[in-house]
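Data first, discussion second: the structure below is written as structure tokens.
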Amino acid sequence: MADFSGPTPGAEPDAAALIAARPHLNMDPAQGLMLEGVALVDIAAALGSPTWVYGAGTIRARFRQLRAALADVGLGATQIHYAVKANDHLAILALLAAEGAGADVVSGGELARARHAGIAAGHIVYSGVGKSARDLRHAVSEGIGQINVESREELAMLSAIAEPAGRPVDLVLRVNPDVDAETHAKITTGLAENKFGIAWDEVESVYAYAASLPGLNPLGLAMHIGSQIVSVGPFDAAFARMADMVFRLRAAGHTVARLDCGGGIGISYEAGQGISVADYATVMARHLGALGLQLMMEPGRWLVGPAGVLLSSVVLAKKTGNGSFLVLDAAMNDLVRPAMYDAWHGIVPVAAADVAAPAVPVDVVGPVCETGDTFARGRLLPPLAPDALVAILDAGAYGAVMSSTYNARPLAAAALVDGNRWAAITPRQEVSALWSREVIPAWLAIADETGA
Ligand code: LLP
């Protein structure tokens, strides 16, 4: 099993290398760390910390880079449905929609969000292993573009909903190609033992079943083998299998017009990881380019991950008998990836003078009452005083969306930078909002002074 724990301490890229590898970051000698054209210190001064900061220009540039890579190999007609789960902020959905992206959603909530952000129902595909009858009714009544069906059981449920609606529902079957994505076990989705998709040797019979049911219009196949895939090998293997399945289904007389290639393109959290989208597109074209298919993909992390940082302040630097800890005001409830997957995220001081100072190893932790609330172990950072700002890098995907309010910590604020301008896009949650949905039953209510 691969893990995300990163390079051995000491071999890690330093702050200057991390900044240099990210075109949207820049260390200004006077203003400190800039994201696109905005000083992060200005955002912290206005909104406090912890605060998510996303670069709109960066997301747009990445979307265009992906489009161009596809066009360069003759796949310019590929439809890109942004995987909303990576970062579902309305502003991000709106900006990607303006670039021409549709949406890949996995819940009624994500469907409603995508619609609210202005994405046409016809440009939305609905994935997910556990869509309920209610979810499917919602999707059908919205006029969803495509449903990626994951089981025989779901087909029967969908047919029963679609038939009375009187308009056949376009669907593809998500197959499980049984390919090892060579990523973290918790985000591998395309192995036979995983819960996702239709088992490889059942695909032909399930396709025939789909074609036999009223109200359904089976148009092709979908796959998703995992996330944060850092070499093209697994895609190479999976696309080859999918092409083979397209031939087999067509030979059996089925229409196979669409193929949804999933997401999963890894990014470089450290140095030298990640896949070039040009290499990815080349592999896609080699296996799938000549099959006369409407190709689709549903990337999340690659589009938005590198474009975001979590801006945090130092609470204090603490020395104990055995350790040296830098306690931040951000915690695992904000960014859970290090605690959940041992994920490695770059951490960079925001002040130029701090970046220039000699670095010493320190454990970077949050204030939550769990040892797992650790962002990095033995990370080389300069000594940082209380209130010094740091940016936790590559936090644009699977960051804010996975936040909780554990330890009664309100959800962080968020800002969107776009070139030289920026706007607050989410205010910090009020503490009182933490209990605003809670009710104390009358029989537990504390008696007032009169004893009534
Ligand atoms: N489509 C489907 C059906 C998916 O399950 C996923 C991600 C995507 C698309 C988008 O994949 P991406 O391009 O972002 O790799 N929370 C984890 C990642 C979980 C990904 C789950 N599925 C993390 O923080 O690493």
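The values are calculated or read from the model by the stated rules, or taken from the named source; none is laboratory data. Since the structure is predicted, the reported quantities are computational estimates derived from the model, not experimental observations. Please note: Cβ atoms are built from the backbone with ideal geometry, for glycine as well, and neighbour counts cover all protein chains shown. Note: accessible area is taken over every heavy atom of the protein model, side chains too, but ligands, DNA and RNA are not part of it. Shrake-Rupley method; radii C 1.70, N 1.55, O 1.52, S 1.80 Å.
Can you go through P382, P358 and tell me which one is away from the ligand (no atom under 16 Å from the Cβ) and over 22 Å from L35 (Cβ atoms)? Unique residue meeting the criteria: P358.
Test of understanding: among S231, S227, S212, which residue is more than 16 Å from the ligand (Cβ to nearest atom) and in the same structural domain as L249 (by TED's automatic domain parsing)? The unique qualifying residue is S212.
Inside region 190-218, residues that are in a strand (DSSP E or B) and either touching a Ser or Thr at 6+ places or on another chain (Cβ under 7 Å) or of a type outside the set (A, V, I, L, M, F, W, C) (or both) make up a count of 4. Where strands (runs of 3 or more DSSP E) sit wholly within region 340-452, those with at least 2 residues that are out of contact with any Ser or Thr (no Cβ under 7 Å at 6 or more places or on another chain) and of a type in the set (G, A, S) occupy 374-381, 421-426.
Within region 141-195, the residues that satisfy the criterion of being within 14 Å of the ligand (Cβ to nearest atom), over 19 Å from A222 (Cβ atoms) and out of contact with any Pro (no Cβ under 9 Å at 6 or more places or on another chain) are H184, A185, K186. Within region 353-368, the residues that satisfy the criterion of being open to solvent by 30 Å² or more (accessible area, probe 1.4 Å) and within 27 Å of K186 (Cβ to Cβ) are D363, P367.
Working carefully through the options G122, G100, G130, find the one that is open to solvent by 40 Å² or more (accessible area, probe 1.4 Å), over 18 Å from G300 (Cα atoms), assigned to a loop (DSSP other than H, G, I, E, B) and small (G, A, S).
G130
If you check A388 against the conditions, is it open to solvent by less than 60 Å² (accessible area, probe 1.4 Å) and not aromatic (F, W, Y)? Against the criterion (open to solvent by less than 60 Å² (accessible area, probe 1.4 Å) and not aromatic (F, W, Y)), A388 qualifies. The number of residues in region 330-352 that are more than 15 Å from the ligand (Cβ to nearest atom) and buried (at least 22 other Cβ atoms within 10 Å of the Cβ) comes to 7.
Assess whether G122 counts as being modelled with pLDDT of 95 or more and either on the phi > 0 side of the Ramachandran plot or among the small types (G, A, S) (or both). Yes: the conditions hold for G122. Among the residues of region 135-147, is there at least one that is among the hydrophobic types (A, V, I, L, M, F, W, C), modelled with pLDDT under 95 and assigned to a helix (DSSP H, G or I)? No, the conditions are met nowhere in region 135-147.
Each row is one residue, and each column tells you yes or no for (1) under 29 Å from the mean Cα position of the chain (by Cα); (2) buried (at least 24 other Cβ atoms within 10 Å of the Cβ).
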{"position": "N194", "(1), (2)": "yes, no"}
{"position": "D201", "(1), (2)": "no, no"}
{"position": "S205", "(1), (2)": "no, no"}
{"position": "L219", "(1), (2)": "yes, no"}
{"position": "M223", "(1), (2)": "yes, yes"}
{"position": "Q228", "(1), (2)": "yes, yes"}
